Structure formats: structure tokens, C-alpha cells
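The values are calculated or read from the model by the stated rules, or taken from the named source; none is laboratory data. Since the model is a prediction, treat every value here as computed from it, not as a measurement. Backbone-built Cβ (ideal geometry, glycine too); neighbour counts: all protein chains shown. Accessible surface is based on the protein model in full, side chains and every heavy atom, while ligands, DNA and RNA are left aside. Shrake-Rupley method; radii C 1.70, N 1.55, O 1.52, S 1.80 Å.
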Amino acid sequence: SILWSDRFVNFDDSINSAVKRLRQYLDDSALNSRLIKTLPGRGYRFAVPTEPIKPLPKVDLDTSEEREPRLAVLPFRNLSSNPAEEHLVAGLTDALVTALTKVPKLHVISCRGPLAKKGLDNALSSTGRNLKVDAVVQGTVLRSGNCVRVTIQLLHVATEEYLWAENYDCMLSDILAFHTDISGAIAEHVSEKLLPGQRHSFPAVEHARRPAAYQAFLKGHHVFKNVTDEGMWNARHYWKQAIREDPQYAKAYAGLAESYNMLGITGLLPAMDALVQSREAAIKALEIDESLSEAHTALAFTRMLEWDWDGAGKEFRRALQIDPNFTTGNPCHYLEYLLAIGRPETAVAELERAQEIQPLSLFLSVILGWAYYGTRQYDKAVRQQQRVVAIEPHFGMAHWSLGLGYLQKRRYRAALDSFQKARLLGGPHNAVSAIGYAYAIMGDKERAQNTLKELKRVLKTSYTPPYAFAAIHAGLGEIDAAFDCLGQAYKADIGLLWLKWDPQFDNLRSDPR
């Protein structure tokens, strides 16, 4: 290719310096050129012997009926260097996972979360082998002005061959439809490669009717995931904003219901207030779209707070029928349900299965550790949470859960350190109660009493659940005071759902009350 003809160019400032750099990169020489030939008075030519491109070898994915292909979906990379756009990138990953889970005979592993992003630094083939999958999907998102380009690749792990790659372009103003359209197109191509000869239809995914509503929904989903106090309040704000933009947006109502559930669980809102708001939002979501697993899960949790175990079980079964792999609904609620009705082995088995499907989900890892704690497997609980905080040291909920395990191992100083970290990181509001309980069982009654006084001061300006007081009184051996607080908790506290299995109240179990 000739770079110039009859035009004047400044060698020092443009082409000459550019060609010199090219030669350096290509290890080429002007005196003995192999790749870049000089054409005197005309320019330069890139001279490379050419060969016909060989077709990729046919890859056998062993798609017999006995062997379902396993596919890992890695989180898309944001190449725009703008953290404010992470919610758009994460939303595309979620949309793709949702579409792929509709494909029969395809085992999809979702790899969302910080752990997945750290793993992206490794070779794709290594990542695939570690996850024990046949193929890996990865993608990048690059925004330039109002234009967005998505690049997608499908890698066969065993042969390290790329089975398929494609670019998709759209305008940011069309991002609402873009997420739906591109996820369906990618899912169709991937299913054709992994399950040749089988045709699949991808039903339209319910989404907002206005881009502003969809953007707000994605922002809510993004800030909610690490379960911090601030994140849960902000998520509620964004999901309310999405509903204002589109009053018929079912997913936003489902998200809002879940935010109220978690605000109640963590003691940031009075349980009964949270219950009313969550139930109303979940029912509204299901009136608009009955097929939302996350809405059924949120409603199931409110049924538990009404002590309606049959109603809760019905909603959980419907949620699992729609989404057996917990890719949308909160698995924490199903765990609490199974522990409350006395099925601890099933609770652990379900969480272990869910983590196998989403092995890089930090939230699921924390919930699994909590399941080990709830079933008195304290060594496993501690190891599980240690792995999480090693990967993401700013995950407040993980530090709180780790501290609970340390307490039962009688590693009191380590427990206090974990609770203090959880508190500083904006983790669960009830970390303060855990600190008081730790002091109580350590025999430091003065500090335990000081924590009770602190909780009472907080009670003057914000809500503190009675269950938090009950735990500290139980740790101090103040049995009557503990039962008084539990009586109040029965009327207005989510924490009482944990009473059947919570180790903090083991010294009360012999009491007929």
C-alpha cells in the first residue's frame, strides 16, 4: 500500500517517524528490510508473504444427551475507563446470562462479581479449566460519545480455539433495547456453536419502556450487590426513580421489594414497615409480570414475616420453577426459610449447588458461609468467609459473617476485629449488636453494657431491632431481659426468623418460654 503520491509530507514529524517506530516494533531494519520496503519518491510498502487462511478445525464439544455442554459467562469488561458506566456493562452481562439460561441442555455458569473480574487477568483457557467448563464467553464494552461497541468472543477451553467472535454497535440512547437485542443475538450464536442442529427461541425479556427507567434500574442493581447500608438505601432510591419513569416496570418493583426486605433484615428499617412496603411492591411486580422469579422470592420472604409458612413455601417453589439456579432471586431468603422449617441439610445442599452454578459470586459465597454457620459447621463457615475477605477486603457483610464464626470458635479478639471492620465499611447495621454480644460472652460486662447504652441512644434517632438487644442480654446471662426483648421482636422484628437455629440463644433453649 502506498502512503503518499504527489503530496508534500514532513518526514520528521509524520510518516518517517511513524515508520521508524513500526520497524522497531517489528524488529525490522531500514538497511536490511524484511517487512517494510522503501519505494523511493513514493512511500513505503508492507511486504509480507501471504498464505491462504486455514479454516479452524472442527471442535467436538461432546454434546451427547448424557453430557450437557458447560458454559461460563465472564463479566464484560468496561474499556471506557469511566466507573460511572459499570452499571451498563454489568447489565449487559446479566441480560446475556438470563438469555442463555433459557437454552435447554446448556449448563450456564455465571461468573459475576469482583472475584470474576480479578480472574480476568488470567488466560481465558486457564479460567475455563479452573471452572471445569467446555467453553467461555467474554466481552468488552467501549463507549465513545453516544456510540457503544460490544465485542464478544466464544472460546473452546480444551483446544483454545475461538469458536466465534462478533462486534455489535449501537447508540447509547438505544441501550434499553440494545441489551435485550444483543443478549438474544449472542445467545442464539452461542447455542448454535455449542448445540449444533438444535433451534431455540428466545422470548422477549420484559424491560422498561423508557431508557431513563432502565438506566435507573441498572444503577440500583449495581449499588445493591455488596449489601452495605449505603448501597441498600441508594438502591431503593434508584428503583423508586425507575418506577417514577415507568410505573409499569415490573423488575423495578421487584428490586424495590427486595431493597425493603434487606433494609428490614439489617435493622435499617422497622421490620413491619419494611414488610408492608416490600409486600406491596412484590405484589405489584407480579400483577405486571407473573414470571419474575425475584418478585416471587421477595414475596415469599414477606409471607415468612407473617408466619405464613405454607404461603412462603408456595412462593419459593414458584420462584425455583422459573429460575432453578437463583440467577435473579435472593438465595438468602430461601436459606432462612429452610433453616426456619428445620431442613438445614437441604439449605446447605441448595446453597452449594447455587455456588457451583455461580462460583465467582461473592454474595453467594457469603451466604454459603452463613449457611455453614447456621448449621453449626463453624470451621467451614470461617474458611468460607476468609476466602471472601481475602478477595474483597471491603465487603462489610463478609466481615460480619466471619466474626460470627470466630465467636463460636472462641476466637474473640478476631471476632471483634471483624465486627469493627464491618461497622467501618458500612456493613450490616447489626454489627454493633454483635460487638456487644462478643463482649458479653468474653465476660467483659462493662463494655457489653456500654454497647447496650449505645444502642439505646441510637434508638432515639433511628430504628434498632429488639433482637439486637436480646442477643446481648442473652450473652450476659440476663435471661428475663432477653425474653422481654424477644417478645417485642415477635411483634416487629425480622430477626426472630433466625431464633430456631441462632447459636447466640443456645443458653435459652432449655427455658420453656
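Sort Arg303, Arg410 by accessible area with a 1.4 Å probe, largest first.
Numbers: Arg303 55, Arg410 185 Å².
Descending order: Arg410, Arg303.
If you scale each eigenvalue of the Cα gyration tensor by 5 and take the root, what three semi-axes come out for the range 313-369, rounded to whole angstrom and sorted largest first?
Details: eigenvalues 56, 40, 15 Å².
Output for the range 313-369: semi-axes of 17, 14, 9 Å.
Taking θ as phi - 60°, what are the ³J(HN,Hα) couplings along the range 209-222 by the Karplus curve (6.51, -1.76, 1.60), each to the nearest whole Hz, with x for Gly and Pro?
Taking θ as phi minus 60°, the curve returns 8, 10, x, 5, 5, 5, 4, 5, 4, 4, 5, x, 5, 5 Hz for the range 209-222.
Under a straight-distance cross-link criterion of Cα-Cα below 17 Å, which lysines are reachable from Lys445, leaving out those fewer than 8 residues away in the same chain?
Cα-Cα hits under 17 Å: Lys453, Lys456.
Kindly write out, for the range 335-352 in residue order, the coupling ³J(HN,Hα) from the Karplus curve 6.51 cos²θ - 1.76 cosθ + 1.60 (θ = phi - 60°), rounded to whole Hz, with x marking Gly and Pro.
Along the range 335-352, the couplings run 4, 4, 5, 5, 5, 5, 8, x, 10, x, 5, 5, 4, 5, 4, 5, 5, 5 Hz.
How much length, in nm to one decimal, is gained on full extension between Lys314 and Arg509, taken as 0.36 nm per residue of separation minus their Cα-Cα distance? Present the calculation step by step, with values, prior to reporting the outcome.
Numbers: separation 195, 0.36 × 195 = 70.20 nm, distance 2.99 nm.
Gain on stretching Lys314 to Arg509: 67.2 nm.
Could you work out the local net charge near Leu88, counting Lys and Arg as +1, Asp and Glu as -1, over the other residues with Cβ closer than 10 Å to its Cβ? Walk me through the intermediate numbers first.
Working: positive: Arg143, Lys219; negative: Glu85, Glu86.
It works out to a net charge of 0.
May I ask you to order 72-78, 498-504, 419-425 by the average number of other C-beta atoms within 10 Å around their residues, highest value first? Let's see the in-between values first.
Numbers: 72-78: 23.7, 498-504: 18.1, 419-425: 20.4.
Sorting 72-78, 498-504, 419-425 by mean packing, highest first, produces 72-78, 419-425, 498-504.
Around Met262, with a cut-off of 13 angstrom between Cβ atoms, what is the net charge of the other residues, counting Lys and Arg +1 and Asp and Glu -1? All intermediate terms of the calculation are to be shown ahead of the outcome.
Numbers: positive: Lys225, Arg236; negative: Asp229, Glu230, Glu258, Glu294, Glu336.
Local net charge: -3.
I'd like the per residue volume of the convex hull spanned by the Cα atoms of the range 332-413, given in cubic angstrom. Show your work: numbers first, answer last.
Values: hull volume 6.7 nm³, N = 82.
Hull volume normalised by residue count: 82 Å³.
I need the shape label for the range 208-299. Rule: rounded when a/c is under 1.5, else prolate if a/b > b/c, else oblate, with a, b, c from the alpha carbon gyration tensor.
Details: a/c = 1.93, a/b = 1.21, b/c = 1.59.
Cα axes put the range 208-299 in the oblate bin.
Would you pull out the residues with amide H under 5 Å of Ile109's amide H, same chain only if 5 or more places away, H placed 1.01 Å from N?
Leu71, Ala72, Val73
Each label point is 7 Å from the Cα along the Cα-to-Cβ direction; what then is the distance between the points at Tyr490 and Val458, in nm?
Distance between the two pseudo-spin positions: 2.5 nm.
What list of ³J(HN,Hα) values in whole Hz, one per residue of the range 453-463 in order, does the Karplus curve 6.51 cos²θ - 1.76 cosθ + 1.60 (θ = phi - 60°) give from phi, with Gly and Pro shown as x?
So the Karplus estimates, Gly and Pro as x, are 4, 4, 5, 5, 5, 4, 4, 6, 10, 8, 7 Hz.
May I ask you to derive the relative contact order of the range 284-364, considering only C-alpha pairs under 8 Å and at least 6 residues apart, and to give it as an integer percent?
25
Take each of the peptides 308-315, 471-478, average the number of other beta-carbon atoms within 10 Å over its residues, and list them starting from the highest.
On the way: 308-315: 16.1, 471-478: 22.0.
Those peptides, ordered most packed to least, come out 471-478, 308-315.
List residues of the range 393-427, by number, whose backbone nitrogen lies under 14 Å from a label position 7 Å along Cα→C-beta of Asp444.
Of the residues in the range 393-427, 407, 411-421 have backbone N under 14 Å from the label point off Asp444.
Which net charge results for the neighbourhood of Tyr439, defined as the other residues with beta-carbon distances under 15 angstrom from its beta-carbon, given Lys and Arg at +1 and Asp and Glu at -1?
Values: positive: Arg410, Arg411, Arg413, Arg423, Lys445, Arg447, Lys453; negative: Asp417, Asp444, Glu446, Glu454, Glu478.
Neighbour charge sum, excluding Tyr439 itself: +2.
Taking a cut-off of 19 Å, what percent of all Cα-Cα pairs in the range 438-513 are separated by more than that? Spell out each step's value before the answer.
On the way: 892 of 2850 pairs.
Beyond 19 Å sits 31 percent of the P(r) for the range 438-513.
Write down the accessible area per residue of the range 288-361 in Å², having rolled a 1.4 Å probe over the full set of protein chains. Each step should come with its number before you reach the end.
Numbers: 2690 Å² over 74 residues.
For the range 288-361, the per-residue accessible area is 36 Å².
Mind ordering 183-190, 459-466 by average Cβ neighbours within 10 Å, highest first?
Working: 183-190: 20.6, 459-466: 16.1.
Per-residue mean Cβ counts within 10 Å order the peptides as 183-190, 459-466.
Per residue and in cubic angstrom, what volume does the convex hull of the Cα atoms of the range 237-372 have? Can you show the working numbers first?
Numbers: hull volume 14.3 nm³, N = 136.
Expressed per residue, the convex hull around the Cα atoms of the range 237-372 is 105 Å³.
In nm, what is the difference between 0.36 nm times the number of residues separating Arg383 and Arg210 and their Cα-Cα distance?
Values: separation 173, 0.36 × 173 = 62.28 nm, distance 4.48 nm.
Extra length from Arg383 to Arg210 when fully extended: 57.8 nm.
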